[in-house]
Amino acid sequence: MQENIIQKTKIGFFWNALEKFGVQIVNFVLTIILVRLLSPSDFGTMAFLSVFISISNIFTEGGFLRALIQKRDCNEHDFSTVFIFNIIVGTGFYIILFFLAPFISQFYEIDSLTQIQRVIFLIIIFQALCVVQIAKFQLNINFKTLAFLNLTSIIFSGLLGVFLAYKGFGIWALVWREIIRSILMVVLYWYFSGWIPKTGFSKASFKRLFSYGSKLIGVGLIAIVVNGIYNMYIGKMYSTKELGYFSQGEHYPGLVSLIFVNILTTVTFPLMSYLQDDKSKLMEIFKRLIKINAIIILPVMFYFAFLSEEFVLTFLGEKWIMVADLLFWFALSYIFTPFSALNLNILNAIGRSDLFLKIEFIKLPIIFTTMLITFPISLKAIVIGRFISTFLSFFINTYICHKNYDFGALSQIWHIKNIIFAVLVMVISISICKFFITNAILCLILSAIIGSITYFFMLKIVKEEELEFVMIKLKNKFKRK
């Protein structure tokens, strides 16, 4: 049984990685086109509207999706209960936001915002309709189907968004892109999952699932409220244009970081939940995940950081040059996000979402202190504050691993010391390229090539075992073919 779920996890990892990379590559290309067609204010407006959608989704998807996966013996009562609860909560949030729309518009002093909100907030209901279907796919580790469905929806909706932007629809191009994507996901998820509610609402099921999921709802709320404060403050006290710079500076490194967070946590969560009582096996997998994450995320984030100006000029254009300084600090801060997520994922896997929630509360004083200090200074100061709070939060997030598994922050850093050394040498090679090459596009290309080669050979020189493991697996796979 254990070997079977490990094998299914390996297959699931491949398809989930394919989906995440495929979706984000398509999304990256389409977003770059939209960035050149639309204004920073359009993206800024969407950034603070997304806060309300995220808060609503926390109450539907945030806790109960993971609760269904963590509870290894789910039945039809559980699935139907979550479905009914999601519909009620999602519809309720939409109605509330529908009537709050004029007041939100008045707060931001944007008259046209009311109509935009009443359309974009329909996403809340659409997403509530899909939670159980997503749980079904993930429980069966059927990430192949998820990959196909998500790629299909992102391509069709993205192309529509580009067409509307080209035709001069402005922010409505972004709105309809999200609406059409959500509708497609509902249709595709329902058709391919084959699941429909078969029973009614069960108080017993709700009580069991809520005892676990409620803590994750609390965790999600904290994260969304913190991000919401950033977006709302910048949008109100600075401008929607500067919020657009802020959101785009965060978008690209955040995109890459969250890809790996989603791949590593989503695919391995069922496996780690299954192994929650096998401490040695659980830590063996966890240590491997730490190294896999480090091998990929460290070079990518340092590439973003040290070539931020060249990246902005090449892909976003001269009008977005203000993003470059912000991108540098966002890239450095997003180095720690996947490591923190992996550490906290263990708590969810062993059913200790209560500790997850406590850790989030412990980090709040650090986050709010950096906010109070940096908010009045400048946009760049705000992002540097984010980097400081993310760095300090990493040490707090690893506390449980230190206490229960003797594998805390310093042990994890030492565990990836060879990778860190290889990345530092890579950064030197990139810096040399920047010194001699002034053309932005040429610098990006040559830095990527020279940096990657340098990084690979440094990992070979220090005999990084995880690289050797991956290469052996690939050789064996090609031999079998």
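The values are calculated or read from the model by the stated rules, or taken from the named source; none is laboratory data. Note that the structure is a prediction, hence the values are computed from the model and not measured. We place every Cβ from the backbone using ideal geometry, glycine too, and count neighbours over all the protein chains shown.
Okay, residues lined up against (1) crowded, with 17+ Cβ neighbours inside 10 Å; (2) modelled with pLDDT of 80 or more:
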site: Lys236; (1), (2): no, no
site: Leu243; (1), (2): yes, yes
site: Met272; (1), (2): yes, no
site: Lys281; (1), (2): no, no
site: Glu284; (1), (2): no, no
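Being on the phi > 0 side of the Ramachandran plot, surrounded by fewer than 19 Cβ atoms within 10 Å (Cβ to Cβ) and not aromatic (Phe, Trp, Tyr), is that true of even one residue in the stretch 107-115?
yes
Name the single residue that is modelled with the highest pLDDT among those in the stretch 431-469 being loosely packed, with under 14 Cβ neighbours inside 10 Å and within 26 Å of Lys287 (Cβ to Cβ).
Ranking the candidates gives Phe457 first.
Of all residues in the stretch 390-413 being free of Cβ contacts under 8 Å to residues at least 12 places away in the same chain and among the aliphatic types (A, V, I, L, M), which is nearest to Lys287 (Cα to Cα)?
Ile413
Return the only residue of Ile437, Ile373, Ile419, Ile367 being within 30 Å of Glu242 (Cβ to Cβ) and touching a helix residue (DSSP H, G or I) at 6+ places or on another chain (Cβ under 6 Å).
Every option except Ile367 fails the conditions.
If only one of Ile400, Ile472 is assigned to a helix (DSSP H, G or I), modelled with pLDDT under 85 and crowded, with 16+ Cβ neighbours inside 10 Å, which one is it?
Answer to the selection: Ile400.
Please work out if Tyr166 is crowded, with 17+ Cβ neighbours inside 10 Å and either aromatic (Phe, Trp, Tyr) or touching a helix residue (DSSP H, G or I) at 6+ places or on another chain (Cβ under 7 Å) (or both).
no
Within the stretch 434-457, take every residue that is under 29 Å from the mean Cα position of the chain (by Cα) and of a type in the set (S, T, N, Q) and give me the one that is nearest to Pro299 (Cα to Cα).
That would be Ser452.
Looking at this structure, is Phe43 among the hydrophobic types (A, V, I, L, M, F, W, C), in a helix (DSSP H, G or I), closer than 21 Å to Leu221 by Cα and at pLDDT 65 or above?
Against the criterion (among the hydrophobic types (A, V, I, L, M, F, W, C), in a helix (DSSP H, G or I), closer than 21 Å to Leu221 by Cα and at pLDDT 65 or above), Phe43 does not qualify.
In the stretch 83-110, which residues are touching a residue at least 60 places away in the same chain (Cβ under 8 Å), in a helix (DSSP H, G or I) and of a type in the set (Val, Ile, Thr)?
Of everything in the stretch 83-110, just one residue is touching a residue at least 60 places away in the same chain (Cβ under 8 Å), in a helix (DSSP H, G or I) and of a type in the set (Val, Ile, Thr), namely Ile84.
Just to confirm my filter: which helices (runs of 4 or more DSSP H) fall fully inside the stretch 308-397 and include at least 3 residues that are surrounded by fewer than 18 Cβ atoms within 10 Å (Cβ to Cβ)?
353-374, 379-397
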